[in-house]
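Beneath this line is the structure, given in structure tokens, with notes to follow.
The values are calculated or read from the model by the stated rules, or taken from the named source; none is laboratory data. Note that the coordinates shown come from a computational prediction; the quantities given were computed from them, not determined experimentally. Here the Cβ positions follow ideal geometry from the backbone for every residue, glycine too, while neighbour counts run over all protein chains shown. To get the accessible areas, we keep the full protein, side chains included, count just its heavy atoms, and leave off ligands, DNA and RNA. Shrake-Rupley method; radii C 1.70, N 1.55, O 1.52, S 1.80 Å.
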Amino acid sequence: SSNEFMLMFRFAPNFDRQPTPEELAELQSQWGQYIGGLVAQEKLVNTHRLSFEGKKVTAALSVHDGVVMEENTTLSGNMVVRANSLDEATEIAKGSPILKAGGTVEVRSILPMG
């Protein structure tokens, strides 16, 4: 029986250099092919793209504007996939277009809450 794994996509945004329309179209095409392939194999559960707008709430309930940046990278999205093992989910992660942009993918097993 397959399990669910979350792929978390992180990369370092470059606010000084915006991609050209051609680069954006190419990137969208790559993501479309990647996601389409997973849909065809019935491996995709869901995927979310995250904006750069956000707030962080601390344990003390203070609220800060902005998204969490670690080592100049931020979470840009996530995807839940079905796979038989962590190794298989990791192989799926290797196909992510974020890697071509210098980003990383963290692969985590999903556990039920409670």
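Within segment 72-95, which residues are open to solvent by less than 90 Å² (accessible area, probe 1.4 Å), closer than 12 Å to residue 13 by Cα and of a type in the set (S, T, N, Q)?
Across segment 72-95, the qualifying residues are 73, 74, 76.
Could you check how many residues of segment 16-49 are part of a loop (DSSP other than H, G, I, E, B) and touching a residue at least 12 places away in the same chain (Cβ under 8 Å)?
Step one: of segment 16-49, the residues part of a loop (DSSP other than H, G, I, E, B) are 16-20, 41-43.
Narrowing further to those that are touching a residue at least 12 places away in the same chain (Cβ under 8 Å): 42-43.
Number of matching residues: 2.
Among the residues of segment 58-70, write down those that are without any contact (Cβ under 8 Å) to a residue 12 or more places away in the chain and either touching a His at 6+ places or on another chain (Cβ under 7 Å) or not in a strand (DSSP E or B) (or both).
Correct list: 58, 59, 60, 61, 62, 69.
Give just the number: which of (1) in contact with a helix residue (DSSP H, G or I) (Cβ under 7 Å, 6 or more places away or on another chain); (2) not in a loop (DSSP other than H, G, I, E, B) does residue 78 not satisfy?
So the condition that residue 78 fails would be (1).
Select from segment 96-113 the residues that are open to solvent by less than 80 Å² (accessible area, probe 1.4 Å) and of a type in the set (A, V, I, L, M) and write down the one among them that is modelled with the lowest pLDDT. Steps first, answer last, please.
Filtering segment 96-113 down to residues open to solvent by less than 80 Å² (accessible area, probe 1.4 Å) leaves 96-99, 101-107, 109-110.
Narrowing further to those that are of a type in the set (A, V, I, L, M): 98-99, 101, 105, 107, 110.
Details: 98: 95, 99: 95, 101: 87, 105: 97, 107: 98, 110: 95.
Filtering segment 96-113 for residues that are open to solvent by less than 80 Å² (accessible area, probe 1.4 Å) and of a type in the set (A, V, I, L, M), the one modelled with the lowest pLDDT comes out as 101.
Could you grab me the full set of residues in segment 42-71 that are out of contact with any Lys or Arg (no Cβ under 9 Å at 6 or more places or on another chain) and either surrounded by 10 or more Cβ atoms within 10 Å (Cβ to Cβ) or under 29 Å from residue 3 (Cα atoms) (or both)?
Residues satisfying the conditions are 46, 47, 48, 49, 50, 51, 52, 54, 56, 69.
Could you run through segment 82-113 and say how many residues are touching an Asp or Glu at 6+ places or on another chain (Cβ under 7 Å) and part of a strand (DSSP E or B)? If you could, list the steps in order and put the result at the bottom.
Start the filter on segment 82-113 by keeping residues that are touching an Asp or Glu at 6+ places or on another chain (Cβ under 7 Å), which leaves 82, 110.
Checking the rest, the ones that are also part of a strand (DSSP E or B) come to 82.
Looking only at that region, the number is 1.
With (1) touching a helix residue (DSSP H, G or I) at 6+ places or on another chain (Cβ under 8 Å); (2) in a loop (DSSP other than H, G, I, E, B); (3) among the aromatic types (Phe, Trp, Tyr) as the list, and residue 52 as the residue in question, which single condition is left unmet?
It is condition (1) that residue 52 fails.
Report, by residue number, each residue of segment 20-41 that is more than 18 Å from residue 93 (Cα to Cα) and either of a type in the set (A, V, I, L, M, F, W, C) or exposed (fewer than 11 other Cβ atoms within 10 Å of the Cβ) (or both).
Of the residues in segment 20-41, the ones more than 18 Å from residue 93 (Cα to Cα) are 20-26.
Within segment 20-41, 20, 21, 22, 24, 25 meet the criteria.
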